[in-house]
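The values are calculated or read from the model by the stated rules, or taken from the named source; none is laboratory data. The model shown is predicted, which means the values in this text are computed figures rather than measured ones. For neighbour counting, all protein chains shown are included, and Cβ atoms are generated from backbone atoms with ideal geometry for every residue, glycine included.
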Amino acid sequence: MSIRKFLTGLTAGAGICALAALAPAAAAEFDGVTINVMTFTGPQIAEPLQRRAPDFEKATGAKVNVITVPFSDLYQKLLTDWTTGTNSVDAAVFAPQWMVDYVTPGLLEDISDRVAKDEAIKLDDIAPFFREFSQKFNGKTYMLTLDGDFQMVYYRTDVAKDLGLNPPQTWDDYLAFAKAAHGKDLNGDGKADFGSCIAKKRNAQSYWMIISVASAFLQSKGTSQGAFFKTEDLQPLYGQNEAFAEALRIYSETTKYGPPDEINLDVGDTRNLFTSGQCALSIDWGDIGTLAIDKEKSKVIDKVGAVVLPGSKRVLDRETGKLVDCTPEICPHAKDGINHAPFAAFGGWSGGINAKADPKVKDAAYAFFSWMSQPEHSNEDVTIGITGFNPYRLSQFQNLELWTKAGMSEQAAKDYLGAIQESLNSPNMVLDLRIPQNQRYEQVALDTAIARLLAGELDIEGAMKDVAASWNEITDELSRDEQLSAYKSTIGAQ
Amino acid sequence: MKLFEPAKLGSMAPASKLIIYGLLGLWTFIVLFPLYWLIVTSVKLPIHVADGPVYLPFVDYTPSLHAWRYIFVDLGRDTFRPYLNSVIVAVLSSILAVGAGSMAAYALSRLEFRPRLISIGLFILGVAGTVVAVTLAGVNWRVAAAAGLALTLIVIRAARGVPSPELGNSDILFWMISQRILPPVVAAIPIYVMFQQVGMLDTHFALIVTYTTVNLPIVVWLMYDFFSTVPKDLEESAELDGASRFRVFFEIVLPLAKPGLVATSLLVLILAWNEYLLALFLSTANAQTIPILVAAQNATRGPQWWYMSVLIIIMILPVILLTLLLQRFIAKGLLLGAVKG
Amino acid sequence: MSELPLRSEPALTAEADRAGASSGERIRHITAVGITEWLDRHSGRLFVLPAVLLILSFSIFPLIISAWLSLSRFKLVTTGFELKYIGLANFRKLLFGSQQFHFLGTFTEISPFGGLIMLAGFGAIAWTLYRYLASGSISVLGLIGRLIAFSLLGGIVLMFGTTIGGKSQIGSLSTTIFYVTAGVAVQFLIGMGLAFLCSQKIAGRSFFRVVFFIPLMVTPVGIAYTFRMLADMKFGPFAPLWSAMGLGQFAWAANPWSARWVVVIGDSWQWIPFVFIVMLAAFESQPRDEVEAAELDGASPLQIFRDITWPSVAPVAATVVLIRVIEAFKMVDLPNVLTNGGPGIASESLTLHAFMEWRALNLGGSAAIAYSLLFVSTILCVAFFNLIVQPMRRERA
């Protein structure tokens, strides 16, 4: 094939695509409007956006371009695009905890009025936690929730039965379960499988897993105690104390019961491993629950159970830095003497709009997010694993039929939804970090230190020192007082 | 037949031939196998990957076009956009690079330039001064640039009488070619800042201009060698007849240099198509090119290699086609004079 | 600059008169001709100007700004961003401060391997310096240049010696130098070997030339992904091979050295063709008659190679190695996609390190790393050029 022919073919193809894209919709509201929506390369999150865009275009005439970037680039791309005045991105689906860095410089559009007037999204149906924390900042609404995020532990119910184990309640239980199951053939293919599969890849979404493990040791007196810093002076709890050391020890030990290349596995890989039956345990958001019922790809349909994040019988005494046993005063919310700290990791992917976009584009972008969030569409998407959308509406928790229709057995649905609801309603829930430049604390400092620990470049002592030093460096660079007051206001501390 | 002795003088022993062909064949396999694997993987279903590798379509498994359909239809617009951007940026920047580069190479090979060191020094001072004015003193960049340029030119002209060492053509050439040593990342950040200041981030223009500049040294290097081998007689007689240099260049020299031009254009086209780092820094959404799209798959897809294979295939297919065209010129040794020299 | 003869105004006027032009047309003609004359007179400068201006504004300009960026701290504010001058703090952080582990590596006691490197490195430097001083033809510039290059090389050798071995980690500077030296060595040896084989009297040479050229042009990002797929221990095409060898559970991405070697392998797959093509041309342009005469004389292939072939291809070989070294310093696509810089920071090249800093909005630190890369690569490349390439060229000439 000659160059000329190839180029002609390409141009012809381009022409056809262009014409198809211009296919007129019936005098629709947003005819001729194009929205650039940025999110990360999924398929999670990007997939439902791309899937529903054509219907949205048919209904309203607005074209939706979904632009994907690697997760580790998302925060910076949005921030620089909007602060430098480039404004190529009209709207984005990202982490609510980054709102603080986008709202303060006035980059996000205040959508309080639009949300109040919007009947289609049924605002009261959105669980109060997500409505208040994931959508609002300083009392005004800036984002629309599309997804609800809580981390949980998933376990194989059949493996538990075979080994005579209970679902893990503490992290020591977790390790024991993993150790017992490791090396056994869990999916009948004749090859040895793994006790625990946790996504540990650097520059990905792994750093929330260590927070899930550590929180139970660090916070016991309720959400406003905070799980990241001391509320007096913003000294990191992720530093040299027995609690963090124990958490790091547990986290490192899970690697022994995992796949050999676990430190290069991202959530996509571990979910795949779990649903193909090669793992007995995993820590994840709600995705495994819905992926497990995929008739085409899952080998563990009806074999998956979910529990609230395991807890600990000992917690950190912040004065001495030592681990002390739980007592009713120290752990008022303990269940059976075990302190659980369910972690609202990430907050749930939500849609926000660029304040400086064209007014018509802003309207169209809001309409698109509203379209995605409406119960008719959202209720379907949260039951499909590959969307990455997890339940966040009360109706999604209460309507079991939704889930049984999607393929979950009633028991599994109760189990799964129960775990999420228990996390949602827990008084000792851990709120993800929301202070300015939280992304630097978590994605840059914590992630790098953990990656180095797992790679053997640092030992536990070194990792603790590294995280605390980096966090203090960032705090001092910004302003300790401002960060402290921001921290206290986000967790509701006095 | 003796294995270790040549059958006749001047040829090789059968054993040696066997070894040589064997080794070369092994390397051919090493070169072609990854490409084969890409094609084969792009028509696999998820189950064909999850259960372990399969090698032959129709024999080991039934191929399916689902991945191709997904990328071209479901994700059609989001695939097409970066592809079109890549085409536009690569073609336009190659044209500009080859144009400006050949002109410079021609001039360097036919004329003698004697830039004075002092003029160069003054120019650098002028640029530095403009930068300082814009960033520290907050002067509007257009004003500062115009004023800086004017001031610099005036001072250079005034300093005409000042004695200063002169550089020659070879120094200019060396300077241009040494730009290749400059790691792009050093320039990428300031170029990013530069385009941000003028509000041209994430535009085709930014990418085109940057790619042109980055590839200019190669064009100058290659075309300079090429022009050096073109005899000057035709040009000299044309000049005696009174033709301007422009006419001589465009009507006589360029047609003579067509093979070299085509070879260089193909090479620059390929380099611009493959460019990753600069696009990474300078583009966000509107100007996203295909290497960025492919690299962004570095995410939570897990082993969804069928989609990635499709993307990689459509990314490298034009390059391979261009390469096959280009290698004809490599065979003729057209691009090797530079290295041998 | 040579100039074309300029036609004077009276001549122009006369020309216009001869053409019977009116006064208005005469002026236009003079102006038009005048402009063309001016263009022609300055044609040389105009020919080079676009290229020179573009390169100047995109290289001198950024160099200056980059230098200044590396001396400042970047902060995003409501109206855009602000840069605060902080002197050498960024460099201090890289060399002595909190990022030292990332840039130079973690220092540890000298392991036997490290000691060996130091011995060999310092020995080579000392010997080269001695040879130069004893050669009798020394110049101030040559001495200064050598001192700079050798101090840098000495520093690098010292860094390697004290960070390699055992549990300690080498930094992105050492990793980059590893990519350059190991990568170019592998590429040169295999590329030259292939070229040598192909230059023998065999059929199908043009076929090999075409096929071997292809990898050179394939987009590096695509190569990175393809190799990631190929190298997968469980799902890749070689998985049965790995399990047979007992490596089924080996995670190459989890071991720092295997991760680096995989990057080198990917890089070599792409660049061996370059060495191959160039060296093939060099081998093909050997003096045929000398070779045949030597063969007739009964010289062994080894002798022919050592006495005839190598001297004639050495300058080309040196240039090829130089070009590869220059390019290898800039590597970023492969480590980014293949390993994400992992495990930890083990396979981060300097460019990747700078990119990650930029992504974390630390523009000052990023510029500092980029400048260090520029510094190291320029000194080493120029030294290589002057100390190895030029002498070889002179020898041949």
Checklist entry - Quick check, is A:G289 part of a helix (DSSP H, G or I) and modelled with pLDDT under 90? => result yes
Checklist entry - Do we have B:V139 as more than 17 Å from B:M176 (Cβ to Cβ), at pLDDT below 75 and either assigned to a helix (DSSP H, G or I) or within 9 Å of another protein chain (Cβ to nearest Cβ) (or both) here? => result no
Checklist entry - With C:D232, C:D267 as the choices, which residue is buried (at least 20 other Cβ atoms within 10 Å of the Cβ), farther than 25 Å from C:F212 by Cβ and charged (D, E, K, R)? => result C:D232
Item to check | Which listed residue, of A:F177, A:F133, is in a helix (DSSP H, G or I), at pLDDT 90 or above and surrounded by 18 or more Cβ atoms within 10 Å (Cβ to Cβ) | outcome: A:F177
Next on the checklist: With the condition being within 7 Å of another protein chain (Cβ to nearest Cβ) and of a type outside the set (K, R), I'd like the helices (runs of 4 or more DSSP H) fully within the range C:193-283 carrying at least 3 qualifying residues.
Outcome noted: C:205-217, C:220-231
Item to check | Search result, residues across the range B:53-97 that are hydrophobic (A, V, I, L, M, F, W, C) and more than 20 Å from B:Y307 (Cβ to Cβ) | outcome: B:L56, B:F58, B:V59, B:V87, B:I88, B:V89, B:A90, B:V91, B:L92, B:I95, B:L96, B:A97
Next on the checklist: Need pairs with beta-carbon distance below 8 Å; first residue away from every other protein chain (no Cβ under 11 Å) and within the range B:91-118, second modelled with pLDDT under 90 and part of a loop (DSSP other than H, G, I, E, B); sequence gap 6+ or separate chains.
Outcome noted: B:R116/B:S164; B:R116/B:P165; B:R116/B:L167; B:L117/B:S164; B:L117/B:P165; B:L117/B:L167; B:I118/B:V162; B:I118/B:S164
Checklist outcome for this item: B:L125 meets each of (1) away from chain C (no Cβ under 13 Å); (2) surrounded by fewer than 17 Cβ atoms within 10 Å (Cβ to Cβ) with one exception, condition (1)
Checklist entry - Does C:K93 fit the bill of being surrounded by fewer than 17 Cβ atoms within 10 Å (Cβ to Cβ) and basic (K, R)? => result no
Next on the checklist: Restricting to the range B:83-109, give me the number of residues that are surrounded by fewer than 24 Cβ atoms within 10 Å (Cβ to Cβ) and of a type outside the set (A, V, I, L, M, F, W, C).
Outcome noted: 4
Item to check | Among the candidates A:V69, A:V100, residue that is in contact with a Lys or Arg (Cβ under 7 Å, 6 or more places away or on another chain) and either more than 22 Å from B:R81 (Cα to Cα) or not β-branched (V, I, T) (or both) | outcome: A:V100
Item to check | the range C:312-350 - residue that is under 16 Å from C:L373 (Cα atoms), touching a residue at least 60 places away in the same chain (Cβ under 8 Å) and within 9 Å of another protein chain (Cβ to nearest Cβ) and, of those, surrounded by the most Cβ atoms within 10 Å (Cβ to Cβ) | outcome: C:L350
Checklist entry - Yes or no: A:G239 within 21 Å of the chain's Cα centre (by Cα) and more than 13 Å from every other protein chain (Cβ to nearest Cβ)? => result no
Item to check | Odd one out for A:S224 among (1) surrounded by fewer than 23 Cβ atoms within 10 Å (Cβ to Cβ); (2) within 14 Å of chain C (Cβ to nearest Cβ); (3) not acidic (D, E) | outcome: (2)
Next on the checklist: Scan the range A:143-155 and tell me whether some residue there is without any contact (Cβ under 8 Å) to a residue 40 or more places away in the chain and not in a loop (DSSP other than H, G, I, E, B).
Outcome noted: no
Checklist entry - Could you list, in sequence order, the residues of the range A:103-114 that are assigned to a helix (DSSP H, G or I), modelled with pLDDT of 90 or more and closer than 15 Å to A:S350 by Cα? => result A:S112
Checklist outcome for this item: If you go through A:Y441, A:Y416, the only one that is in contact with a Leu (Cβ under 7 Å, 6 or more places away or on another chain) and crowded, with 24+ Cβ neighbours inside 10 Å is A:Y441
Checklist entry - What are the residues in the range A:454-494 that are assigned to a helix (DSSP H, G or I) and under 23 Å from the mean Cα position of the chain (by Cα), if any? => result A:L454, A:V467, A:W471, A:A486, A:Y487, A:K488, A:S489, A:T490, A:I491
Item to check | Only one of C:I35, C:I65, C:I27 that is crowded, with 17+ Cβ neighbours inside 10 Å and assigned to a helix (DSSP H, G or I) | outcome: C:I65
Checklist outcome for this item: Conditions (1) more than 14 Å from every other protein chain (Cβ to nearest Cβ); (2) touching a Ser or Thr at 6+ places or on another chain (Cβ under 9 Å); (3) among the charged types (D, E, K, R) -> A:E457 fails only (1)
Next on the checklist: Given the options A:T387, A:T404, name the one that is surrounded by fewer than 22 Cβ atoms within 10 Å (Cβ to Cβ) and under 27 Å from A:R156 (Cβ atoms).
Outcome noted: A:T404
Item to check | Residues of the range B:115-134 satisfying the condition of being over 29 Å from the mean Cα position of the chain (by Cα), within 19 Å of B:L173 (Cβ to Cβ) and either in a helix (DSSP H, G or I) or small (G, A, S) (or both) | outcome: B:L117, B:S119
